[in-house]
Amino acid sequence: MGSWQDDLRGALDGLAYGARSALSPSVLQGAAVELGWLTTHLAMYPLGVIGMAGGPSRALPSRLNLAGLGPAQRGLLVSDVRAAGTPILLAHGIIDNHTIFALMRRHLVRRGFSGLHTFSYSPLTLDVRSTAERMGREIEAICEESGSDQIHVIGHSLGGLIARYYIQRLGGHQRVHTCVTLGTPHQGTIAAKLLPWPLVKQVRPDSDLMAELAEPAPDCGTRFVAFYSDVDQLIVPQRRARIRHADLLASNVRVHGVGHLSLPFHGEVVHQITGMLAHLDEQPKTA
């Protein structure tokens, strides 16, 4: 059978899978929440368009003194100055921008984290590997500027996959202490078979990129935490947003009834992320 016929069959399988669960109560509830966040995000989206295509990362100024800080901010700075001062890089998904992290940035600042940066890339991006190389260069610049030898990365959707490639295949494990992913197709997604776009082809389950990420990574000491939703509309089936790799220190966190776009806005998800980044020495169990 030809390649296009295989793609068509895979796409139809994905649609059939989605149709079987489309009318479940949890999916309908998740869709309603997703619609609300989508409306909010569309209103904010234009604010993030400037500087998307390859510009320098946007950052909030670092601040490691107690003046003017609230109790939560003071608590983190006093209890663990290293955690408070470790830079955090936020990487959005495909056809998106840094405004998807508006709520998360606010909570991170309130908790006492400083040095928040965003990594942006164009919707016309064609390759995960080259984008991961550029992420690496930005991370080096952030570390040099901040004086920190490590950084955290939080990636939504494709942003998480770009971060994982940098960490696992480009030596980024030496820089990234913790990588948090939200709705990232770590094992590919059948939904990607619906589009022939080169970048989308890379997140198909049978792509060469997926095969490369499945290769051994014995020296990778980065802590991975993968949040995945049971009603994610873009990761098909949803379990493919989990990290399944024998060499990676990873935990997979299942989120109930939250759509793909809503993950960075979900209160419990944001709360868990701020909590784990405040405790640098706690390692997750291997999934």
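Counted by Cβ distance under 11 Å from residue 253, the other residues give a net charge of +1, where Lys and Arg count +1 and Asp and Glu count -1.
Give me the accessible area per residue for the stretch 95-212, probe 1.4 Å, as a whole number in Å². It amounts to 34 Å² per residue over the stretch 95-212. In terms of its C-alpha gyration tensor, the stretch 119-209 has a prolate overall shape, because the principal axis ratio a/c (a ≥ b ≥ c, square roots of the eigenvalues) is not below 1.5 and a/b outweighs b/c. For the stretch 262-278 and the stretch 150-209, what is the centre-to-centre distance using only Cα atoms, to the nearest Å? So the two Cα centres are separated by 19 Å.
In units of the compact-protein estimate 2.2 N^0.38 Å, the stretch 194-285 shows a Cα radius of gyration of 1.21. Compared with the direct C-alpha span, the chain from residue 207 to residue 124 gains 27.9 nm at full extension, assuming 0.36 nm per residue.
Surface composition of the stretch 101-233: carbon and sulfur make up 52 percent of the accessible area, probe 1.4 Å. Placing a label point 7 Å from the Cα of residue 219 along the Cα-to-Cβ direction, the residues of the stretch 175-196 whose backbone N falls under 16 Å from that point are 175-176. For the peptides 126-134, 92-100, 221-229, 150-158, residues were scored by their other Cβ atoms within 10 Å and the scores averaged per peptide; the highest-first order is 150-158, 221-229, 92-100, 126-134. Taken one residue at a time, the phi angles of the stretch 96-109 give Karplus couplings (6.51, -1.76, 1.60, θ = phi - 60°) of 8, 8, 5, 5, 5, 9, 4, 5, 5, 4, 4, 5, 5, 5 Hz. Gly and Pro are set to x. Taking the stretch 208-233 and a reference point 7 angstrom along Cα→Cβ of residue 143, the backbone N atoms nearer than 16 Å belong to 219-223. Remark on the stretch 91-249: ratio of C-alpha radius of gyration to 2.2 N^0.38 Å is 0.99.
The values are calculated or read from the model by the stated rules, or taken from the named source; none is laboratory data. Note that the structure is a prediction, hence the values are computed from the model and not measured. As a convention, Cβ positions derive from the backbone with ideal geometry for all residues, glycine included, and neighbour counts pool all protein chains shown. Just so you know, the surface numbers come from the protein's heavy atoms only, side chains and all, with ligands and any DNA or RNA stripped out. Shrake-Rupley method; radii C 1.70, N 1.55, O 1.52, S 1.80 Å.
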